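Below is one structure, written out as structure tokens; comments come after it.
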Amino acid sequence: MPPLAALILDWLITALWPIVAKSGTRLYSGILFTSAGLVIGLALLSPWLCVKNRMRRIFSRQLAPSLFLMGVFSGIASVIYISATAYTTPANAAIMAQIEVIYSALLCAFFLKERITLGQGLASLLVMGGTGLIMAHDLSSPRWKGDLMILATPWMFQVSHIFSKRLPKDIDPVTATAGRVIYGLAAMAPFCAWTIARGGAWTWEPEGLRLLAVQGLFMSCLNFILWYAAILNMELAKATAVLLSYPALTLVFSWALGRETIAPVQIVGLVVTMSGAYWMTLLLVRAQRALPERQRVPSETGSEI
């Protein structure tokens, strides 16, 4: 599949993720819903792990450190993100996650020892202004707790992205996905056991099992494969230009499915935040391209679970 086609499909799936997560947290504890989805995703991937020496490569010294860190950081971020949707709306979750571009800029500044430019500072103000507008609007409701939790996750996705870009050039999307899932599950296993021991929410009702199937197939399998198929084979500028618009699609899906009534402040916050995020992305890409190859820091934007 061409990288751009993979990215567009991933864009559609990512837009649905906050809605699926919101539905799942009504029936399951956040960490159990996340982990069960990963188990299903791994089961679906298992037939392909027995060919092309994939399983051995996942546990090799060459890949294991990067895959482990990808799994740990993305796993923790996903648990917090999914748990946060129990308190806020899918639209808010998608919009608040756009603060990831600020974390990306800070990571680049840290690794490259460069000062934040005026343009990056102004773009950051737009992102913070849009997310702050929604936070201020939600202070009188329980949503603020979920919004705050969402703001804590993007830096962990960014760290996971950095290590994914350090994988060997010959790695395929299935191997990268399976490695991320396996190590993520291993890291979350003790916390799942603790949650179950304390009576974490779980159901075997058909509605819940259908949600788990959707989470496993689309969010913990296809989403990852499509993401790596795109980002490992195309320029960052093209990937971010497409993926950064997913909150708008989440807003439309959430409204069309009757999950929430869209407030004017959400639309304003979306426009302001996405404007800043897109501007910041273009500035980061331009700065990266101006550097010698050996100095470039792999970075991506867009929460891909």
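Computed quantities for the displayed model
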quantity: LEU217-LEU106 FRET efficiency (beta carbon distance; Förster radius 51 Å; 0.05 resolution); calculated: 0.90
quantity: Difference of contour (0.36 nm per residue) and Cα-Cα distance, ARG210 to LEU257; calculated: 15.2 nm
quantity: Residue exposure sequence - TRP155, TRP11 - by fewest surrounding Cβ within 10 Å; calculated: TRP155, TRP11
quantity: Net length gained if the chain between LEU118 and SER46 were fully extended (0.36 nm per residue, minus Cα distance); calculated: 21.1 nm
quantity: Computed lengthening from LEU282 to ALA197, 0.36 nm per intervening residue step minus Cα-Cα distance; calculated: 25.9 nm
quantity: Loop-resident sites, the range 7-93, for trypsin sites (Lys or Arg not before Pro), counting at most 12 other Cβ within 10 Å (DSSP); calculated: LYS52, ARG61
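Computed from the coordinates by the stated procedures, all read-outs in this text should not be read as laboratory data. These figures come from a predicted structure and were not determined experimentally. As a convention, Cβ positions derive from the backbone with ideal geometry for all residues, glycine included, and neighbour counts pool all protein chains shown.
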